[in-house]
Structure formats: structure tokens, C-alpha cells
Amino acid sequence: MRKIFINTSIAIMILLTSCTSTEHPPTVTKPTIVQHQQEVEKSLLQDIYTYEFNQIEPQHQKFVDEWLQESHADHKKQQIYFLSLGTDDDPNDGYKYMYILGKGYRTFETAFMYSQDNEHTNTSDTTSNRETSRYLKDKGKGTLYVKGVKGEATDEVLLRLHYNPKYVSATGLVERFLK
């Protein structure tokens, strides 16, 4: 009888211990609408442009190394340098590359602004219409903007942009993004 009592006591203690565990079961969270939207936007933007810091494509190594040497020979403390590579005849599947070196900058931010119709102007102003059609003749494309974030004089960052000219009609450097 004593043996049955001990075994029963041990079984009850094990059962109580497992039921009163302080560990909570893992919770499964469903992706929110915002997370889903960000994932969709990220995959869509990859067709338009991608960027990486301090990376050089192997086929561009020679050109970029020479360009970096020239940029470093210029002893300006806070300067941004650009190198564009790739043409329609290039074996990059039609994509273009831009390398941006920021001396005195700690990072870069990018933004893509799409315009369904780049020719929105005041129709009564013929000079404005002519200027717009001359500079923004690519309907349904957008502009890829880059903004440098200033750092210490010794900071330096290299940004590689990879973009599709099917969607990107221009690139530009801006001082700040509007909120």
C-alpha cells in the first residue's frame, strides 16, 4: 500500500509540475496588413531598383577601383561622387548601375517616386509645356532619389544602386526628403 501511495504521489507531483509550468506556449502571430503591404512593396521595388552598401559587382571591379582612386585623390572633406555603368547594349539584362561614394557621409537613403503621367503642367503656359516635355518625356516612369546623411569628416560610405531603366527615367541627389 505504501508503494502505491508513493507512486501515486510522484505521479501527482509530475502532473502538477507540468500543468503549472511558467513557460507559455508559443504564440502564432498572423502577419498584419502593414507587414504584408511592406513585403509586397519590397518585392515590387526589387524589379525597379535595389541597393547595397560597400559592394561592387565583379564585372565592375576594375572601373570602380580606378574611380575610387581618383575620388580619394581629391582631398575634399565632404563630397559625393557618382559613377554610372551600364547601357542598353550592356550584358546586364538592361539594368543600369550607379555607384555613389560619400566622403564625410555615414549612410545614404533612397526613395523612388513614380509618376503615371510626367506631363502635368499648366496648359495655358506654353513655355512650361515645352520645358516639361523636353525634360520629362518618359510617361509612366519615375525618379530614383538619393539623400546623403552627413557624418564625421572621416566617415565614408559606398552605395551601389542597381535599377531598371524601364521604370526609372532619372536619378537625383536631394538634400532632404519631404515628410
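Cβ-to-Cβ counts within 10 Å put Glu109, Glu70 in ascending order as Glu70, Glu109, the fewest first.
Applying 1/(1 + (r/R0)^6) with R0 = 45 Å to the Cβ-Cβ distance of His75 and Ala111 gives a FRET efficiency near 0.90. Each of Phe108, Phe177, Phe63 has some number of other Cβ atoms within 10 Å of its Cβ, and from fewest to most they run Phe177, Phe63, Phe108. Glu66 sits among other residues whose Cβ lies under 15 Å from its own Cβ, and their net charge, with Lys and Arg +1 and Asp and Glu -1, is -3. Taking other Cβ atoms within 10 Å as a rough exposure proxy, Lys141, Lys147 sort from fewest to most as Lys147, Lys141. On full extension, the segment bounded by Ser84 and Glu175 gains 30.7 nm, given 0.36 nm per residue less the C-alpha separation.
The simple spin-label model puts a point 7 Å past each Cα toward its Cβ; for Val149 and Tyr95 those points are separated by 2.4 nm.
Every number here is computed from the coordinates shown, using simple stated rules; none is lab data. Owing to the predicted nature of the structure, the values given are computational and were not obtained by experimental measurement. So basically every Cβ, Gly included, is an ideal-geometry build from the backbone, and we count neighbours across all protein chains shown.
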